[in-house]
1. Counting only residues 5 or more places away or on other chains, whose amide H sits under 5 Å from the amide H of Ala155 once H atoms are built in the peptide plane?
2. Keeping all protein chains in position, work out how much accessible area Met415 exposes to a 1.4 Å probe, and write it in Å² to the nearest 10.
3. Beyond 25 Å between alpha-carbons counts as too far, so tell me which of Lys74/Lys135; Lys9/Lys167; Lys73/Lys188 fall in that bin.
4. If contacts are Cα pairs under 8 angstrom and at least 6 residues apart, what is the relative contact order of segment 415-475 in percent?
5. Identify, among Phe12, Val47, Leu66, the residue whose Cα sits farthest towards the positive end of the charge dipole of segment 1-144, taking +1 on the Cβ of Lys and Arg and -1 on the Cβ of Asp and Glu, with the dipole about the Cα centre.
6. Roughly how many Å² of Glu29 are accessible to a 1.4 Å probe, to the nearest 10?
7. Can you flag which of Lys49/Lys92; Lys659/Lys681; Lys487/Lys515 are past 29 Å Cα-Cα?
8. Considering only the other residues whose Cβ falls under 12 Å of the Cβ of Lys487, what net charge follows from Lys and Arg at +1 and Asp and Glu at -1?
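The values are calculated or read from the model by the stated rules, or taken from the named source; none is laboratory data. Given the structure is predicted, the values throughout are model-derived calculations rather than measurements. Positions of Cβ are backbone-derived with ideal geometry, glycine not excepted, and every protein chain shown enters the neighbour counts. These accessible areas exclude ligands, DNA and RNA; they are computed on the full protein's heavy atoms, side chains included. Shrake-Rupley method; radii C 1.70, N 1.55, O 1.52, S 1.80 Å.
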Amino acid sequence: MRMFSVSHKTAFVVDHCPYMAESSRQLIECDMLTKSRSQGVIPLAPVSKSLWTCAVECSMEYCRILYDVYPTKKLVNYIVSDSEVHILNSWKQEDQNTHELMAALAAVGPPNPRQDPECCSVLHGLVAAVESLCKITEYQHESRTTLMDTADRVANRGRIICLTNAKSDTHVRMLEDCVLETIQEQNKRAAGSDRLMPIQQCELVLVHIYPQGEETLLSPVLSSEVHSVRAGRYLACKLNVLVQQHFDLASTTITNIPMKEEQHANTSANYDVELLHHRDAHMEFIKSGDLHMAGSTSRDSGLKETVTLKWCTPRTNSVELHYCTGAYRISPVDVNSRPSSCLTNFLLNGRSVLLEQPRKSGSKVISHMLSSHGGEIFLHVLNSTRSTLEDPPSISEGCGGRVTDYRITDFGEFMRENRLTPFPESMIDAAGRIPVERAKSQLERHTRYWPMIISQTTIFNMQAVVPLANLIVKDSLTDEDVLTCQKTVYNLVDMERKSDPLPISTVGSRGKGPKRDEQYRIMWNELETLVKAHVGTSERHQRVLDCISACRSKPPEEEERKKRGRKREDKEDKTEKNGKDTEEKGWTTDSERLKGVMEREKDEQSECEIIKDSPDSPEPLNKKPRLATEEQQPPEKSKGPVSLLTLWTNRITQVNSRKHQEFAGRLSSVNNKAELYQHLKEENGMDVHENGKATR
């Protein structure tokens, strides 16, 4: 969800009533630069600006700083109010520049002191400002159309800054009530319109301007944000502070800037230049706790703080690279002063300036850099702490023997396939995406599954899988691409049938590594993971996955037989291991062995049933049905405790008797002794003793 803060919309309302034509009483000497006067020449009388001129100059400085630091997405709607409303610009991005505003203000002209004051009111401008905040900007419209079903979640917030000359506290309360009532009325209208948006939050900033030498008529105890400021430089400082508060800006003063004097070209003096930028440029000071040490009071106003950085003699150009953690646009506070102009021209000529923290002792610490890019000046934040880039580890040799088998060659190929190049935004594809969105989409597809280490992958080490890996990341596949992927899968099936070796890494494993069947199982799992990451791209991607699933699947009987064979081998190993510790573990271990054998016999019995039901298996031999329980001779019970050997022998005898057709002699034996050659006795008429010996 895209949210719009209060600083997204700012409506400036400047009072144009006759009382704004009153003098600010701040005298300006016109001939102060004249060193020598001729005799008989009358000096020029000082002049003073009107309240209207002070309000226009300070509001334009507010807009200039805003446009310098935030070229886009921070919009200003300038409104002049007298007997009617003059809206000088709109919320469109092309109207957001000081040239348009200055030209419109020149057309409006200064206030007419002879105009009837009863016909003029700043209320007209405040009502127009509220109506303007209800209008949708281009960025809000884009967010609403992008979110579609959740368009009502796009917030509409704004700020109204009113520059006027209030009469009393009651006048201020009346202005606040008027704004509140207008917001409620406009929200009702916006609720039933698709072209308007209700206002969720509105900040009203009333700046009361009065001439110097007079006392303000407003009470200093007010609950709302009302600023009572004298005209002239005090008003300029107040709006400078407000623009920092409204748009989260901070101040940095560059000290000790060497500059040649105009009068004395051979000498130079040090000057200071104050810059405004985003507050995040001081984040390193805040984290380290050095902000209070570097901060000082601004020379223009005692109400705001500035961070002082010292000019470092430039010994670098823009070709050299520095480890920057951030870059922020800057705007000079006094843009028309000679030091600010010289510094700006110096930077726009391609030079860079390093800035260091002023310290009383110790080595200097360079924390920031001023440089220009594309005709705009940025304050770069340099990492003043220890950087990981100072001593980078060698990828080929490794750092401390940790990871050395990076896919360096494959990563270079990956970078080559995803290089960016300038492209006109007017080139839109069939899906309505601009080039940068297509580039992001391609990068996202290529990185859905991309192992960084050779030992973590099998398929990317196989030349046979390269055609499939290169095609599956595409946005769309043709029938020929699907056929190529299927041929790759069939080739892997043929390799598995021939038991060809795979490039399985044995790093960190003991012995010879996994068996051949396990190697191919790992390979198929990874290949399926790669294709599944792209299966939702198109229907042809799904066909590739279906081909892999069909070729990989085997009859369930064969899989079950292999599974039970592996399980039986594991249990036999476990049984042998337990047999070695019989004497130490005693009855407990013997019971576990007996239980393991019983489970293995159950598995063998189940396996026989599976083999019988399998269509690929030969028909087993016909076996005689198991004997009934009552036909079997129960094992002879001994008196007293039964030994483990007896239990074991009886159990084995009972189980084995169920697996084969019992020998006829054993069935007719007496005391486990069978009489042989009975047919000879019948022929010769011989008798047989109980011990089995023949007598006549």
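1. Counting only residues 5 or more places away or on other chains, the set is Phe4.
2. 100
3. Values: Lys74/Lys135 15 Å; Lys9/Lys167 28 Å; Lys73/Lys188 27 Å.
Distance filter (> 25 Å) returns Lys9/Lys167; Lys73/Lys188.
4. Details: 23 pairs, mean separation 15.2, N = 61.
Computed over segment 415-475, the figure is 25 percent.
5. Of the listed residues, the answer is Leu66.
6. The accessible area of Glu29 comes to roughly 90 Å².
7. Working: Lys49/Lys92 32 Å; Lys659/Lys681 33 Å; Lys487/Lys515 26 Å.
Too far apart for the 29 Å limit: Lys49/Lys92; Lys659/Lys681.
8. Numbers: positive: none; negative: Glu480, Asp481, Asp494.
Neighbourhood net charge equals -3.
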